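Below you'll find the structure, written out as structure tokens, and then a few comments.
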Amino acid sequence: QVQLVESGGGLVQPGGSLRLSCAASGITFSSYTMGWYRQAPGERRNLVATITRGGNTIYTDSVKGRFTISRDNAKSTVYLQMNSLKPDDTAVYYCNAAAATIPIAHPGDYWGQGTQVTVSS
């Protein structure tokens, strides 16, 4: 059974930082491109960033220079370091696993339960 378990969300002031983690089980982690997606109220779920097993990354334009995706294949965990957070970053953030070894900007079959990130003063 595939499980993706996110953690690290919360309430942060504008300009602050958060680090999200996603621990995967039930998959051969190193064979998957991992990603973070987010969904704000009333909006579609959109790409934030993806990372291949080799460390190739794709970011949506609005987070470039502020967010960093990384992975630890030994721990089957993917991270999202979020700096200089803005109110527009407020959303539920979802971890995703796609059976691909090349950089992709669309999700695969497996999702986590999501973690809320709220940026507000």
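The values are calculated or read from the model by the stated rules, or taken from the named source; none is laboratory data. Since we're looking at a predicted model, the values are computed, not measured. Here the Cβ is made from the backbone with ideal geometry for all residues, glycine too, and neighbour counts use every protein chain on show. Just the protein is used for accessible areas: all its heavy atoms, side chains included, with ligands, DNA and RNA removed. Shrake-Rupley method; radii C 1.70, N 1.55, O 1.52, S 1.80 Å.
Modelled with pLDDT under 95, open to solvent by 10 Å² or more (accessible area, probe 1.4 Å), outside any loop (DSSP other than H, G, I, E, B) and not aliphatic (A, V, I, L, M): is that true of SER21 in this structure?
No; evaluated as a whole, the condition is false for this residue.
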Residue list for the stretch 85-107, filter: free of Cβ contacts under 8 Å to residues at least 60 places away in the same chain, assigned to a loop (DSSP other than H, G, I, E, B) and farther than 22 Å from SER7 by Cβ: ALA105, HIS106
Yes/no for GLY108 being under 26 Å from VAL119 (Cβ atoms) and of a type in the set (Gly, Ala, Ser): no
The stretch 1-15, residues that are over 18 Å from TYR37 (Cβ atoms) and either open to solvent by 40 Å² or more (accessible area, probe 1.4 Å) or of a type in the set (Lys, Arg) (or both): GLN1, LEU11, GLN13, PRO14, GLY15
Selection within the stretch 1-18 - within 18 Å of VAL119 (Cβ to Cβ) and part of a loop (DSSP other than H, G, I, E, B): GLY8, GLY9, GLN13, PRO14, GLY15, GLY16, SER17
All positions within the stretch 24-35 that are in a strand (DSSP E or B) and either in contact with a Pro (Cβ under 8 Å, 6 or more places away or on another chain) or crowded, with 16+ Cβ neighbours inside 10 Å (or both): ALA24, THR33, MET34, GLY35
Of all residues making up the stretch 51-70, the number that are touching a residue at least 40 places away in the same chain (Cβ under 8 Å) and part of a strand (DSSP E or B): 2
Breaking point among (1) open to solvent by 60 Å² or more (accessible area, probe 1.4 Å); (2) at pLDDT 95 or above, for HIS106: (2)
Answer residue from the stretch 36-49, given it is out of contact with any His (no Cβ under 9 Å at 6 or more places or on another chain) and open to solvent by less than 50 Å² (accessible area, probe 1.4 Å) and is nearest to THR90 (Cα to Cα) among those: ALA40
